[in-house]
Amino acid sequence: MPVVYAVFAVALGVPAGALLRRVLPAMAATFTVFTGLRFLIAEYARPHYLAPVSRSLPPFSDNAGPAGSLILSNATLGPDGHNYTAGLSFQAVPAACRGNGHQAPAILNSCLASHGFHTQIVYQPASRFWAFQGIEAGVFIVLAAALVAVAYRMVLTRDA
């Protein structure tokens, strides 16, 4: 990926230089656009390259998912689908699970699980790493090719 990013950065810098005709502003524009685009793709596009995997665990599980995976969401849900990740209010706990109010967490979690409470983890498995690298490389190579075409067109249409 570093080579692909470098090719994209050069392809981005050429039309910036042709448009701005100044070295420092072109470098600043290239750096800003390159950094911004990398951030946007990493935060908003990368998690959705392939359909994520979801897994149900016992309620309020500390298990954050498989090692090396990209966690997209981790929520504790009730039987009605309501999100209880921030915690349960006393009224939300089923009457059968309330007991004397001093139950061990394992017993309470077991009771909650029997009443339909669970933790839903949505993630991208680590096994998709190379597929994601290939998809992202393709995205940046296509963008680089488009930028080279734009720079070529800009240079040809400009008066000497």
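The values are calculated or read from the model by the stated rules, or taken from the named source; none is laboratory data. This is a predicted model, so every value here is computed, not measured. So basically every Cβ, Gly included, is an ideal-geometry build from the backbone, and we count neighbours across all protein chains shown.
When the residues of region 5-16 are filtered to those that are out of contact with any Ser or Thr (no Cβ under 8 Å at 6 or more places or on another chain) and of a type in the set (Gly, Ala, Ser), the one that is farthest from Ala145 (Cα to Cα) is Ala6.
Out of the residues in region 119-160 that are among the charged types (D, E, K, R) and surrounded by 13 or more Cβ atoms within 10 Å (Cβ to Cβ), state the one that is nearest to His82 (Cα to Cα).
Looking only at region 119-160, we keep the residues that are among the charged types (D, E, K, R), and these are 128, 136, 153, 158-159.
Restricting the remaining residues to those that are surrounded by 13 or more Cβ atoms within 10 Å (Cβ to Cβ) gives 128, 136.
Numbers: Arg128: 30, Glu136: 35 Å.
Taking the candidates together, the pick is Arg128.
Of the residues making up region 85-118, those that are assigned to a loop (DSSP other than H, G, I, E, B) and at pLDDT 70 or above are Val93, Pro94, His115, Gly116, Phe117.
Out of curiosity, is Ala16 in contact (Cβ under 8 Å) with a residue 12 or more places away in the chain and outside any loop (DSSP other than H, G, I, E, B)? If you could, list the steps in order and put the result at the bottom.
Details: in contact (Cβ under 8 Å) with a residue 12 or more places away in the chain: yes; outside any loop (DSSP other than H, G, I, E, B): yes.
Spelling it out, Ala16 is indeed in contact (Cβ under 8 Å) with a residue 12 or more places away in the chain and outside any loop (DSSP other than H, G, I, E, B).
Of the residues examined, Ala18 is one that is surrounded by 12 or more Cβ atoms within 10 Å (Cβ to Cβ), in contact with a Lys or Arg (Cβ under 9 Å, 6 or more places away or on another chain) and not assigned by TED's automatic domain parsing to the domain that holds Val93.
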